[in-house]
Amino acid sequence: MLKGKTILLGISGSISAYKMAHLASLLQQAGASVYVIMTKNACRFIDPVVFDTLTRHRTVLDDFDRANESPVSHIDLPKMADAFLVAPASADIIAKAALGIADDMLSSAIIAAYSCPLLIAPAMNVHMFENPVVQENLKKLQDRGWTVVAPGIGFQACGDMGSGRLPEGEELFEWLEMACGAEKDLKGKKVLVTSGATREAIDPVRFITNHSTGKMGTAIARAAAMRGAEVTLVAGDMRVPAPQFVNTVRVVSAEEMFNAVTAVSDQQDIIIMAAAVADFRPAEVASEKIKKKNTGTETTITLTRTHDILAWCGEHKPEGQFLCGFAMETTDLLQNAGEKLRKKKADMIVANSLRAAGAGFGTDTNVVTFLRPDGTEELPILSKNEVADRILDIIIKERGTD
């Protein structure tokens, strides 16, 4: 998502400045062009040569004795940038940004920046961070359009515990992806995604479930958020973490997922049902663990149908809403998926076969076919992230962005 983007990093004096080396490396590996401005105090914690090496660009400092350094870098670099992240941001640089003080290269670049997304990640002692003056200055920046990346909570170098830790490079990377990694063609839209497997209790110990890991649903939720949507992820059991920037509602059973979805379904512009929901649940749940000695050599569990969430959404779909379901099959893929499209009154079914190489549960890739009332489209093997974006592309094309 950041390939070909120009990212400007502003590093101020903080012991957490070392984390920025990892971020610079991640950005470089992603194909971004990275430039760094450092304050004098930042250079006391990490040598600029580290960033020279990682970014393959000269780090800009307050002095002008470095070869090929422009005296107007503080103006040129913000003009080039697709996103400008100040991290770690000390109380000093936050105050300068809030008050318009430009007495060094970094603060001057901040004042000159206006045409790209601006992000700032505070990093300092918990008592400094919670000081009302610092909070007021951060509020001023937020009111002017800056994105404030909340610090982490934990043990600090001084020995205190609390807020003020700079997030790790991977988290900062995601914030930059959110800032400039995708066109915001879903801005203002509400998207609900279901993901993962449901669990249907047999007794307090055992349950019925399936092999879903939640990778596909998580990829869709993340892609929609990156494209500017307000995303609700209704998540069952997942083997991957829920993405940032989404409202995650945790559920266990099919009944809980049904209730969570139907409670907000009429408020959504787009619903994408990627979860593997159990079709059946035990008719009775034992209050105590079922013991082998009480069942003999064989036992029978009576099952009853769960709510069909996709069918309910199809029956109650408000005008203009786009409803997308998933169909995983082992035989007769297109026939079964086509029947599901019609019966559930969906606008699209994403079908995939458990038998196809590169598809199925737990993989990082998928092989899918889109079924719509006007035809089908078969995709080659793609990463689940790519499939997620292709799904959203189709939905936007079908329903428009108005």
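Odds and ends about this structure:
- When residues in region 118-159 are screened for being over 29 Å from CYS180 (Cβ atoms) and free of Cβ contacts under 8 Å to residues at least 60 places away in the same chain, 12 of them pass.
Residues are listed down the side, and each one gets a yes or a no for (1) part of a loop (DSSP other than H, G, I, E, B); (2) crowded, with 17+ Cβ neighbours inside 10 Å; (3) not hydroxyl-bearing (Ser, Thr, Tyr):
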residue	(1), (2), (3)
HIS211	yes, no, yes
ILE220	no, yes, yes
SER265	no, yes, no
ARG281	no, yes, yes
SER287	yes, no, no
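- All positions within region 173-190 that are in contact (Cβ under 8 Å) with a residue 60 or more places away in the chain and open to solvent by 20 Å² or more (accessible area, probe 1.4 Å): PHE173, GLU174, TRP175, MET178, ALA179, ALA182, ASP185, LYS189, LYS190
- LEU354 meets all of the listed conditions (1) within 24 Å of ILE270 (Cβ to Cβ); (2) within 27 Å of the chain's Cα centre (by Cα) but one, namely (1).
- Output for region 296-318, where each listed residue is outside any strand (DSSP E or B), of a type in the set (D, E, K, R) and at pLDDT 95 or above: ASP308, GLU315, LYS317
- Residues located in region 41-52, provided they are over 16 Å from LYS19 (Cβ atoms) and open to solvent by less than 50 Å² (accessible area, probe 1.4 Å): ASP52
Results for (1) hydrophobic (A, V, I, L, M, F, W, C); (2) under 13 Å from ALA274 (Cα atoms), shown as yes or no for each residue.
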site: ARG206; (1), (2): no, no
site: THR209; (1), (2): no, no
site: MET216; (1), (2): yes, yes
site: GLY228; (1), (2): no, no
site: VAL249; (1), (2): yes, no
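- Selected residue (only one of ALA260, ALA242 is modelled with pLDDT of 95 or more, buried (at least 16 other Cβ atoms within 10 Å of the Cβ) and in a loop (DSSP other than H, G, I, E, B)): ALA242
- Pairs with Cβ under 7 Å, 6+ apart, first in region 8-26 and under 14 Å from THR39 (Cβ atoms) and open to solvent by 10 Å² or more (accessible area, probe 1.4 Å), second part of a helix (DSSP H, G or I) and at pLDDT 95 or above: GLY13/ALA42; GLY13/ARG44
- Filter pass, LEU186 being in a loop (DSSP other than H, G, I, E, B) and hydrophobic (A, V, I, L, M, F, W, C): yes
- Among the residues of region 296-319, those that are among the polar types (S, T, N, Q) and either without any contact (Cβ under 8 Å) to a residue 40 or more places away in the chain or open to solvent by 80 Å² or more (accessible area, probe 1.4 Å) (or both) comprise THR297, THR299, THR300, THR302, THR304.
The values are calculated or read from the model by the stated rules, or taken from the named source; none is laboratory data. Predicted model only: the values in this text are computed from it and were never measured. Every residue, glycine among them, receives a Cβ derived from its backbone with ideal geometry; neighbour counts consider all protein chains shown. Quick note on the areas: whole protein, heavy atoms, side chains included, nothing else; ligands and nucleic acids left out. Shrake-Rupley method; radii C 1.70, N 1.55, O 1.52, S 1.80 Å.
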